[in-house]
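Please read the structure below before turning to the comments.
FYI, it's all coordinate maths here, none of it is from the lab. Computed from a predicted structure; not experimentally measured. Here the Cβ is made from the backbone with ideal geometry for all residues, glycine too, and neighbour counts use every protein chain on show.
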């Protein structure tokens, strides 16, 4: 119990300890957080654009149905499909 031999033979780090006194790790973490948020926002906008584009096409077809000639459509059981 009076010997320090165990503490003396304990493995120590090869390189000196790095102290991040200027909090530089936050810059790296905030970069990746912003990158992930931008990617998620891009995915959301891409899916939202597809839905809004389909909605715009639906309303355009509903509003201009009377003005379009009949030979522009296939009638599939009451569903008009544009040729």
* Gain on full stretching of the segment that runs from residue 9 to residue 74 - 0.36 nm per residue minus C-alpha separation -> 14.8 nm
* Normalise the Debye intensity by I(0) for the chain, one equal point scatterer per Cα, no solvent, then take log10 at q = 0.19 Å⁻¹ and round to two decimals. => -0.97
* **residue 20/residue 83 FRET efficiency (R0 41 Å; Cβ-Cβ; nearest 0.05)** => 0.05
* To do: Using 0.36 nm per residue of separation minus the Cα-Cα distance, give me the extension gain between residue 33 and residue 50 in nm, one decimal.
  => 3.5 nm
